[in-house]
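Asker: Dropping the structure in here first, questions after.
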Amino acid sequence: MIIVRQMEAIDLDPVMRIEEESFSSPWSRQSMTQELANDQAHYFVACTEKGEVAGYAGFWQVMDEGHIMNIAVRKDRREKGIGQSLMEAMLSFGDGLGILYWTLEVRVSNLPAVRLYEKIGFTSAGIRPGYYSHPREDANILWLTRSI
């Protein structure tokens, strides 16, 4: 059983471990701390029944748009529906904020993530050439429109 709740400062240690194991250019702890203090940013953690952080996700609200900044799941917990639970929680929270349009970038090679986003209803709006570094790779730009 997974419980998704808003991220708190106490979650930073496990979130940073997930960030570092998931991304070739991970965010710094300082950057993540700043995100938690940003009124336009909303971050969530997915916790196991034992209270362990298994994943996290966050987005920025800009008027009626939500830009998904990060989503990551602990390697030993992947492919168990945690990413989908995080996405659904963010979208539902965003509904309450009046967010109608959602966007994100994802590495073109990250097929499991692309499949998840497409399953939720995101569609490709184009490619950002060379968007990622370490290794250099294009980003697929995805959008979702919701009706509240």
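Asker: So what is the calculated 222 nm ellipticity per residue for the chain, using -39500 (n - 2.57) for each DSSP H run with n of 4 or more, over all residues, to the nearest 500 deg cm²/dmol?
Answerer: Result for the chain: -9500 deg cm²/dmol, rounded to the nearest 500.
Asker: Next up: Once phi is turned into θ = phi - 60°, what whole-Hz ³J(HN,Hα) does the Karplus curve with 6.51, -1.76 and 1.60 give for every residue of the stretch 10-23, x standing for Gly and Pro?
Answerer: Along the stretch 10-23, the couplings run 5, 7, 4, 4, x, 5, 5, 5, 5, 4, 5, 7, 9, 10 Hz.
Asker: Simple spin-label model, 7 Å along Cα-to-Cβ: residue 33 to residue 60 in nm?
Answerer: Label at residue 33, label at residue 60, 2.1 nm between them.
Asker: Let me ask you something else. Suppose the chain between residue 120 and residue 146 were pulled fully straight at 0.36 nm per residue; how much longer would it get relative to their current alpha carbon spacing?
Answerer: Stretched out fully, the residue 120 to residue 146 stretch lengthens by 8.3 nm.
Asker: Scan around residue 27 for amide H atoms under 5 Å from its own, H built in the peptide plane at 1.01 Å from N, and keep only partners 5 or more places away or cross-chain.
Answerer: none
Asker: Which far-off residues, 5 or more places away or on another chain, put their amide H under 5 Å from the one on residue 54, with H placed in the peptide plane?
Answerer: Correct list: 46, 47, 48.
Asker: Using Cα centres only, tell me the gap between the stretch 65-99 and the stretch 1-49 in whole Å.
Answerer: 12 Å
Asker: I'd like the GluC sites (Glu not before Pro) in the stretch 1-102 restricted to DSSP loop residues with at most 11 other Cβ atoms within 10 Å, sorted by number.
Answerer: The qualifying sites are 8, 49, 79.
Asker: Step through the residues of the stretch 74-81 one at a time and calculate ³J(HN,Hα) from phi using the Karplus curve (6.51 cos²θ - 1.76 cosθ + 1.60, θ = phi - 60°), rounding each to whole Hz and writing x for Gly and Pro.
Answerer: 3, 3, 6, 10, 6, 6, 10, x
Any read-out appearing in this document is the output of simple, stated calculations on the displayed coordinates, not a laboratory observation. This is a predicted model, so every value here is computed, not measured. Cβ coordinates were reconstructed from backbone atoms using ideal geometry, including for glycine residues, and neighbour counts include every protein chain displayed.
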